[in-house]
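The values are calculated or read from the model by the stated rules, or taken from the named source; none is laboratory data. Every value quoted in this text rests on a predicted model; they were computed, and no experiment measured them. Don't worry about glycine lacking a Cβ; one is built from the backbone with ideal geometry, like all the others, and counts go over all protein chains shown. Keep in mind that these areas ignore ligands, DNA and RNA; they rest on the heavy atoms of the full protein, side chains included. Shrake-Rupley method; radii C 1.70, N 1.55, O 1.52, S 1.80 Å.
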Amino acid sequence: MKYTCWFLLALTLLFPGGPARAGESLRIATEGAYPPFNDVDTNGNAIGFDVDIAQALCASMDVSCTVHIVKWDGLLPGLTAGEFDVIVASMAKTPEREKVVSFTNYYYRSRSTFAGDPNRKFLQTPEGLAGMALAAQADTVQANYLTTNYGGSSKIVLIKQTKWLLNCSSEDRWTPCSRTV
């Protein structure tokens, strides 16, 4: 798994009428549950890096845009059903997804890593992580990687949203969260 998070801006042939033209409106979908890339503020507005990129692209194309918050598992079905025109949601390009939509070039690359108690030494191998609980956001390339490579030796915990992880550290030390996932 060389690169794990990629930009999905799917302007596809499934988008009726072709690309937006100056003065037209573009409907953009994002998840709103993957901070700092996409999230929802206290007023219910989409915010984050993906939203900023989407707005910059709209300004560059001289089109108006509306950003819609869509659950992760509704992004691809909604795009193919014509509910919106574009997805900007840090979605990894996979062969399965490429069968359904087209991807643009990447606008950023991010790497996955293991994080844990700094006082507990471990090797990042199935043997080194045997018996440990490993967590990733469900329906991601990271979840697939953990299940494929560590599912036989570790407990794999898949969570719907990663927001809860943001409050799990204290003074630069990993501290367990008492949250139900």
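Overview of values
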{"item": "Residues that are at pLDDT below 95 and open to solvent by 60 Å² or more (accessible area, probe 1.4 Å), drawn from the range 17-41", "result": "G17, P19, R21, A22, G23, E24, S25, P36"}
{"item": "Condition check for A136: farther than 23 Å from S25 by Cβ and of a type in the set (A, V, I, L, M, F, W, C)", "result": "yes"}
{"item": "Condition check for D139: of a type in the set (D, E), touching a residue at least 40 places away in the same chain (Cβ under 8 Å) and in a helix (DSSP H, G or I)", "result": "no"}
{"item": "Residue selected from the range 42-59 under the condition at negative phi and in contact with a Phe, Trp or Tyr (Cβ under 7 Å, 6 or more places away or on another chain), by the criterion most open to solvent (accessible area, probe 1.4 Å)", "result": "F49"}
{"item": "Qualifying positions in the range 120-162 - in contact with a Lys or Arg (Cβ under 8 Å, 6 or more places away or on another chain), under 27 Å from E96 (Cα atoms) and either at pLDDT 90 or above or open to solvent by 20 Å² or more (accessible area, probe 1.4 Å) (or both)", "result": "L134"}
{"item": "Yes/no for G82 being out of contact with any strand residue (DSSP E or B) (no Cβ under 9 Å at 6 or more places or on another chain) and open to solvent by less than 70 Å² (accessible area, probe 1.4 Å)", "result": "yes"}
{"item": "The range 98-126 residues that are touching a residue at least 24 places away in the same chain (Cβ under 8 Å) and among the basic types (K, R), paired with ones that are part of a loop (DSSP other than H, G, I, E, B) and surrounded by 13 or more Cβ atoms within 10 Å (Cβ to Cβ) (beta carbon under 8 Å, 6 or more apart)", "result": "R109/Y3; R109/W6; R111/Y3; R111/T4"}
{"item": "Members of the range 94-119 that are closer than 17 Å to T140 by Cβ, within 16 Å of the chain's Cα centre (by Cα) and at pLDDT below 90", "result": "T94, Y106, Y108, R109, S110, R111, S112, T113"}
